[in-house]
Each structure stands twice: as structure tokens, then as C-alpha cells.
Amino acid sequence: MRSGLFIGVFFAVTACSGEVYLRDGVTDGDTFYLADRALTDSDPAYQGWVRYSLARSACQLGIGGDNPARATSFDCEVRSRRLLAESWQEAKAGNPAARNIYLDDLVVIYEAGFLDEYVAGNFRKNQWDVPTDLRTSSYRRWMKSRLPHHEPETRLTGSWNYAGKVSGQ
């Protein structure tokens, strides 16, 4: 099921006209459109963000609702960040000289076992069901000593729009 959903999202997102539909200042809609650059840019950091964006949008579609662009969950964000970290680990295995400050930090957090705490602490939304057994105090102490200057990031490589809608109409 997971790969079928991913393939369906991939085909749906590749038809982007390059226009972005905004509602309330954010992309909005029922279909995720991948940026054209995602098909041509082989930079491993960028491709990691492509994976993140596709995983997150597929998860949002799985949540459903009238407007998947606005669907969100703790589990979606954790799974998408995990995929991003694993993608960067793979890229670094093939090219140990590759550097990306954010992704290098994310892998350190992931390998230390604090990804859930990281997501809850930096990206939490009010409507999320967050596990009650997070090691928040340990995570904060660890971050302060290991990554005191870390800056959280999110880079989406596409946008949501309504299928068939042309921007500006």
C-alpha cells in the first residue's frame, strides 16, 4: 500500500505548471505538485528534501479530508523526517565529503534516538497527538551539549493546488 500511494502521488505531482496557488498565505489544495527542479537536480541534499516532501504529502493524502494540504500529524512529520535523515545517511555513505549543516545535524539527532523529541519540540502543531512518553528533558540536555546552535528547517520541494485549478482564476 505504501509504495502504491507513493507512486500515485509521484505521478500526480509531476504535472506542475509551475504556478503556485495560495490561500491565507500558504499553498493549499487537494493535489501536491512537485517542483520541476526535483526531476533534474541531482544534488543529494535537494533530493533528500524531495523525498521528505513526497513522503509528507503522501501521508497528508492518507489523513484525507476536504483539504489534504492542511492535514498534519505528528506521525507524518516523524516519518518524513526519518526518511530525510536516512536519505542523507545513504548519500553520505556514497560521498563522505558531502556536507549540509542541517542534514548533518538531523542525522546526529536521528542516530541518538531523539527524532520524536526533535519533531515535537520544533515542529509541533496544536492538533497533533504527541506521545506522552517522550524524553523531553534528556533531549533538551543532549541538544544543549551536542548541537547548541542547531537551526530547525523545513524545505518543501513542491506546492499544493486544486486539481485542474489555474492560479489566478
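The values are calculated or read from the model by the stated rules, or taken from the named source; none is laboratory data. What you see is a predicted model; the values in this text were computed from it and never measured. For neighbour counting, all protein chains shown are included, and Cβ atoms are generated from backbone atoms with ideal geometry for every residue, glycine included.
Key figures for this structure:
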| read-out | value |
| --- | --- |
| The range 33-72, residues that are more than 26 Å from Asn100 (Cα to Cα) and not in a helix (DSSP H, G or I) | Gly64, Gly65, Asp66, Asn67, Ala71, Thr72 |
| Any hit, the range 129-147, residues being under 25 Å from Gly29 (Cβ atoms) and loosely packed, with under 13 Cβ neighbours inside 10 Å | yes |
| Selection within the range 116-137 - of a type in the set (Gly, Ala, Ser) and in contact with a helix residue (DSSP H, G or I) (Cβ under 8 Å, 6 or more places away or on another chain) | Ala120, Gly121 |
| Selection count where residues are assigned to a helix (DSSP H, G or I) and modelled with pLDDT of 95 or more, scope the range 94-151 | 31 |
| Odd one out for Asn67 among (1) farther than 15 Å from Phe32 by Cα; (2) in contact (Cβ under 8 Å) with a residue 24 or more places away in the chain | (1) |
| The range 76-89, subset out of contact with any Leu (no Cβ under 7 Å at 6 or more places or on another chain) and touching a residue at least 40 places away in the same chain (Cβ under 8 Å), residue nearest to Asp43 (Cα to Cα) | Ser87 |
| Tyr52 vs. criteria aromatic (Phe, Trp, Tyr), within 21 Å of Val130 (Cβ to Cβ) and either surrounded by 17 or more Cβ atoms within 10 Å (Cβ to Cβ) or free of Cβ contacts under 8 Å to residues at least 24 places away in the same chain (or both) | yes |
| Residue within the range 79-92 that is modelled with pLDDT of 90 or more and assigned to a loop (DSSP other than H, G, I, E, B) present | no |
| Pairs with Cβ under 9 Å, 6+ apart, first in the range 117-129 and closer than 14 Å to Ser73 by Cα and touching a residue at least 24 places away in the same chain (Cβ under 8 Å), second assigned to a loop (DSSP other than H, G, I, E, B) and among the aliphatic types (A, V, I, L, M) | Val119/Val130; Ala120/Val130; Ala120/Leu134; Arg124/Val130 |
